[in-house]
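Below: one structure, written as structure tokens.
The values are calculated or read from the model by the stated rules, or taken from the named source; none is laboratory data. Nothing here was measured: the structure is a model prediction, and the numbers come from that model. Because the Cβ atoms are built from the backbone with ideal geometry, glycine has one as well, and the counts that use them run over all protein chains shown. Ligands, DNA and RNA are stripped out before the accessible areas are found, and what is left, the full protein with its side chains, is counted by its heavy atoms. Shrake-Rupley method; radii C 1.70, N 1.55, O 1.52, S 1.80 Å.
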Amino acid sequence: MTQHSAGATAAFSVADLTLEEKASLTSGGSFWSTKSVARAGIPEVLLADGPHGLRLQAGSEDNLGLAESLPATCYPPAVGLGSSWDVDLVHAVGAALGAEASIAGVGVVLGPGINIKRSALCGRNFEYFSEDPVVSGALGAASVRGIQSQGVGASVKHFAANNKEDDRLRSSSEVAERPLREIYLRPFHRVVVDAEPWTVMCSYNRINGLYASENPWLLTQVLRDDWGFGGVVVSDWGAVNDRVAGLAAGMDLEMPATGGHTDAEIVAAVRGGFVDESILDRTADRLLELVRKVQAGAGSAAGPFDVKAHHDIARDAAARSIVLLKNDDRMLPLAPNASVAVIGPFAQTPRFQGGGSSKTNPTRMDNAIDAIREHAGESGATFAAGFLVEDDDTDRDAELRAEAVSLAASKDVAVVFLGLTDADESEGYDRTHIDLSSKQLQLLDAVLAVNPRTIVVLSNGSVVALPFKDRVPAIVEAWLLGQAGGSAIADVLYGVVNPSAKLAETIPLRLQDSPAYLDFDVDNGLIRYSEGLFVGYRWYDARGLDVAYPFGHGLSYTSFEYGQPVAAVTASGDVDVRVTVTNTGERTGREVVQVYTSLPGSSVQRPPRELKAFAIAEISPGSSHEFVMTVRRADLAYWNAAAQRWIVEGGEYVFEVGASSRDIRSSIPFALDGDSFEPAITRESTLAEALAHPTAGPALRSVLAMEEAPGGPSMGGADQIAGIMGDFPLGRFARIAGESLKPEVLDPIIDSTRAG
Ligand code: GLC
């Protein structure tokens with residue numbers, strides 16, 4: 001393992017290196033490290049997964065979590081942390097992960113993953129935060145800041161539009177520019193601006209036909225020119241298709257090692273004049289800067305790390321990732337003296353993380369049944385498996401079901417653990433449906449029949465359909481929670497922790513209702529993002545569809561009352577929204593307050609509401625807390641593809657403050673000045689657009705001898721023509737308008753509309 005001397009940064013520079021040495025830096029020296037250049041005193045850098053726990057392999061190496069890795073704390077995967085909506089919590093988990101990485105001599109942690117959950121079918125949703133770009137960006141930035149606070153780099157991934165697993169190394173994500181910028185790139189933009197990640201990992205897939213690993217628009221124009229990213233772009237493992245094209249596009253480090261073959265391709269391309277050496281120098285300089293950062297940060301965390309303390313961080317984070325979906329008749333928290341039937345194998349053998357490269361070898365493992373017994377006393381809680389997780393043995397399943405039903409009938413309460421398995425979801429492949437297995441649903445029905453006081457606890461990396469939601473009095477969405485999840489679930493069930501998590505993704509009633517239902521599969525190599533901007537709650541709101549539980553939903557053991565919000569523009573042009581929330585219940589609780597915005601009458605297509613800010617705070621009973629949430633002006637902008645720029649429209653916005661996207665507690669009108677923007681007129685602009693333009697309009701009217709009544713355009717003339725021929729492209733209209741719009745007349749009018 002590479003140990004860097006703390007703080008030392010050798011005085012090496014690109015100028016000292018030969019062409020071959022520079023090229024050698026652009027690909028891995030092994031499966032997990034960069035190359036060193038001994039002659040120049042340049043050390044190698046060790047990279048290691050993963051987003052929710054260190055996966056450092058000491059023996060055989062793979063990027064799919066197959067071979068053993070060294071013990072490390074397994075924190076809640078992003079599907080859990082995403083539900084916490086807690087920037088400080090995610091930062092703390094990142095810092096703990098970063099500390100373990102630093103102690104192990106790792107220079108870059110390969111995480112967080114912040115891809116948007118476009119469909120519940122994505123096998124890797126467990127590794128991502130949300131269906132929403134603001135939640136994904138804010139929590140992704142917190143994770144990066146946390147990791148990097150320990151002198152270790154992060155690698156925000158997978159850049160970009162990698163929203164499914166099947167055929168991920170070849171398929172092309174076909175995304176229109178507005179949703180690409182406003183939904184799929186926005187989280188990365190926020191992370192780059194807010195957290196300055198040392199590296200960005202480019203994804204396997206193509207985007208609109210071009211591999212991410214050789215896409216100059218993505219890796220240079222957007223990432224560096226538009227956003228100002230100054231770090232290193234590292235490929236996903238095996239994502240490089242054309243190494244020379246990748247170098248030119250801004251893809252700096254190919255991983256894993258290719259035995260120097262692609263280095264030689266780069267040398268030949270430079271020697272052959274196909275790539276200017278300055279392009280290679282640019283990449284080599286970035287890579288040397290990364291080495292310097294790693295050297296400077298080395299040894300920041302003193303080892304060994306405190307296993308118990310990190311386990312406790314994981315437990316606290318897990319508890320705050322648990323969403324209380326339903327709690328009729330205050331079924332929860334459980335009374336300590338209640339006799340409990342704990343049913344389902346996940347209570348004994350937790351499914352605590354997803355399959356693939358993020359797989360961590362946990363230092364400890366809590367299970368729910370042991371933790372529940374601690375609360376309920378030995379006689380209070382009795383376990384029954386209820387079904388076989390992986391195997392399907394009808395007879396054995398029937399026996400287990402009968403035992404569980406008999407147990408449930410004899411207890412005050414039944415807690416039934418249901419969920420998904422590694423066979424259902426993982427990195428590397430997608431789901432084919434969102435249903436729990438029929439035998440699990442059969443077990444639940446049988447238990448309900450003998451004991452209506454039944455609580456369902458779910459263990460799943462992505463949403464599942466809840467056909468039983470109206471028949472079960474309480475439902476706890478416990479996602480995948482890492483090594484301390486079992487204790488955390490018991491902490492919530494018994495009220496040691498008051499649940500505060502909220503859904504960061506919609507739970508639909510049916511898969512058929514979901515945005516990507518018709519276009520999730522690869523069709524001739526293409527994945528069509530036909531839903532455009534309408535991802536997640538944006539879709540269900542725009543279509544007026546009912547859902548099982550909406551984005552932002554989550555209950556508490558206490559209750560909160562929201563005051564009237566006020567909004568004001570700040571000196572920086574953002575909008576601060578203030579609202580006071582009172583805890584009207586009997587116990588302390590955390591509340592996540594959400595701010596959604598919309599612009600009725602917008603000149604462009606917009607979802608009914610979009611989350612633009614959120615905050616969380618703990619409030620004691622009877623107390624109040626003033627939440628101050630900043631809606632960034634940049635987040636109100638839409639992407640104007642014609643003008644190739646962001647534009648904030650002026651107008652009367654609606655700001656909604658809510659406890660979920662469908663529990664809006666108040667809304668206020670808010671007038672905002674827009675960007676001064678008049679699109680340039682071209683020969684492709686329509687006549688109507690040109691007549692509406694502040695400078696082109698009057699010029700055209702006078703040229704076409706279109707009289708305007710004193711109070712404005714006459715009903716004849718301009719408006720009559722515009723009504724009939726308004727959709728004519730100006731250039732073609734000019735051809736039939738004859739002499740009045742000959743080129744020497746029209747061109748100056750067009751030129752006058754070009755900004756400065
Ligand atoms: C994997 C994953 C990526 C991971 C890398 C190294 O294929 O896509 O997230 O960091 O390879 O394991």
(Q) Please go through (1) open to solvent by 10 Å² or more (accessible area, probe 1.4 Å); (2) in contact with a Lys or Arg (Cβ under 7 Å, 6 or more places away or on another chain) for SER83 and return the number of the only condition it doesn't satisfy. (A) (1)
Q: Determine whether ARG471 is on the phi < 0 side of the Ramachandran plot and without any contact (Cβ under 8 Å) to a residue 12 or more places away in the chain.
A: no
**Q.** The one condition in (1) at pLDDT below 95; (2) open to solvent by 20 Å² or more (accessible area, probe 1.4 Å) that THR18 fails to fulfil
**A.** (1)
(Q) Being touching a residue at least 60 places away in the same chain (Cβ under 8 Å), open to solvent by less than 30 Å² (accessible area, probe 1.4 Å) and touching a strand residue (DSSP E or B) at 6+ places or on another chain (Cβ under 6 Å) narrows it down to one residue among PHE627, PHE614, PHE655; which is it? (A) PHE655
**Q.** Condition broken by GLY151, with the remaining ones in (1) within 15 Å of the chain's Cα centre (by Cα); (2) away from the ligand (no atom under 16 Å from the Cβ) satisfied
**A.** (1)
Q: Take the range 198-217 and flag every residue that is away from the ligand (no atom under 14 Å from the Cβ) and within 18 Å of the chain's Cα centre (by Cα).
A: ILE207
**Q.** Given (1) closer than 30 Å to TRP539 by Cβ; (2) within 24 Å of the chain's Cα centre (by Cα), number of the condition ALA474 does not satisfy
**A.** (2)
Q.
Where the second residue is near the ligand (Cβ under 8 Å from one of its atoms) and the first is part of a loop (DSSP other than H, G, I, E, B) and lies in the range 54-68, which pairs have Cβ atoms under 6 Å and are six or more apart or on separate chains?
A. ASN63/TRP237; ASN63/SER357; LEU64/GLY356; LEU64/SER357; GLY65/GLY356; GLY65/SER357
Q) Just a yes or no: is a residue in the range 557-567 of a type in the set (Ser, Thr, Tyr), assigned to a strand (DSSP E or B) and closer than 14 Å to GLU656 by Cα? A) yes
Q.
Tell me which strands (runs of 3 or more DSSP E) are completely within the range 589-654 and hold 2 or more residues being closer than 30 Å to LEU324 by Cα, or say none if there are none.
A. 589-598, 610-619, 624-631
Q | Every residue from the range 55-73 that is surrounded by 20 or more Cβ atoms within 10 Å (Cβ to Cβ) and away from the ligand (no atom under 12 Å from the Cβ) | A | ALA72, THR73
Q. Of all residues in the range 218-239 being within 15 Å of the ligand (Cβ to nearest atom) and of a type outside the set (S, T, N, Q), which is farthest from the chain's Cα centre (by Cα)?
A. GLY238
(Q) Can you pull out every residue in the range 347-365 that is open to solvent by less than 10 Å² (accessible area, probe 1.4 Å) and either away from the ligand (no atom under 16 Å from the Cβ) or of a type in the set (A, V, I, L, M) (or both)? (A) ALA347
Q: Would you be able to tell me the number of residues in the range 35-51 that are in a loop (DSSP other than H, G, I, E, B) and either within 12 Å of the ligand (Cβ to nearest atom) or out of contact with any Gly (no Cβ under 6 Å at 6 or more places or on another chain) (or both)?
A: 5
Q. Got a number for residues in the range 176-208 being in contact with a strand residue (DSSP E or B) (Cβ under 7 Å, 6 or more places away or on another chain) and β-branched (Val, Ile, Thr)?
A. 4
Q: Output yes when any residue across the range 254-264 is more than 16 Å from the ligand (Cβ to nearest atom), on the phi > 0 side of the Ramachandran plot and either open to solvent by 10 Å² or more (accessible area, probe 1.4 Å) or at pLDDT below 95 (or both), and no when none is.
A: yes
**Q.** Complete set of residues in the range 390-410 that are open to solvent by 40 Å² or more (accessible area, probe 1.4 Å) and either closer than 30 Å to ALA335 by Cβ or basic (Lys, Arg) (or both)
**A.** ARG396, ARG401, ALA402, GLU403, SER406, ALA409, SER410
**Q.** Criterion violated by ILE116 - all others in (1) open to solvent by 10 Å² or more (accessible area, probe 1.4 Å); (2) within 16 Å of the ligand (Cβ to nearest atom) satisfied
**A.** (1)
(Q) Take residues that are in contact with a strand residue (DSSP E or B) (Cβ under 6 Å, 6 or more places away or on another chain) and farther than 26 Å from ASN498 by Cβ and tell me which of the helices (runs of 4 or more DSSP H) falling wholly in the range 362-477 contain 1 or more. (A) 394-409, 438-450
Q. Quick check: anything in the range 131-140 assigned to a loop (DSSP other than H, G, I, E, B) and within 16 Å of the ligand (Cβ to nearest atom)?
A. no
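Conditions tested, residue by residue: (1) within 16 Å of the ligand (Cβ to nearest atom); (2) polar (S, T, N, Q); (3) open to solvent by less than 20 Å² (accessible area, probe 1.4 Å).
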site	(1), (2), (3)
ASP424	no, no, no
GLY428	yes, no, no
THR432	no, yes, no
ALA446	no, no, no
PRO467	no, no, no
VAL472	no, no, yes
GLN483	no, yes, yes
LEU503	no, no, yes
Q.
Would you confirm, using the coordinates I've provided, whether MET706 is at pLDDT below 90, surrounded by 18 or more Cβ atoms within 10 Å (Cβ to Cβ) and part of a loop (DSSP other than H, G, I, E, B)?
A. yes
Q: List every residue pair whose Cβ atoms lie under 6 Å apart, where the two residues are 6 or more positions apart in sequence or sit on different chains, the first residue falls within the range 356-385 and is closer than 28 Å to GLY123 by Cβ, and the second residue, located anywhere, is basic (Lys, Arg) and away from the ligand (no atom under 16 Å from the Cβ).
A: none
Q | Within the range 249-344, helices (runs of 4 or more DSSP H) holding 3 or more residues that are over 30 Å from HIS375 (Cβ atoms) | A | 261-271, 277-297
Q.
Tell me yes or no: at least one residue of the range 665-673 is at pLDDT below 95, more than 17 Å from ARG590 (Cβ to Cβ) and either in contact with a helix residue (DSSP H, G or I) (Cβ under 8 Å, 6 or more places away or on another chain) or surrounded by 14 or more Cβ atoms within 10 Å (Cβ to Cβ) (or both).
A. no
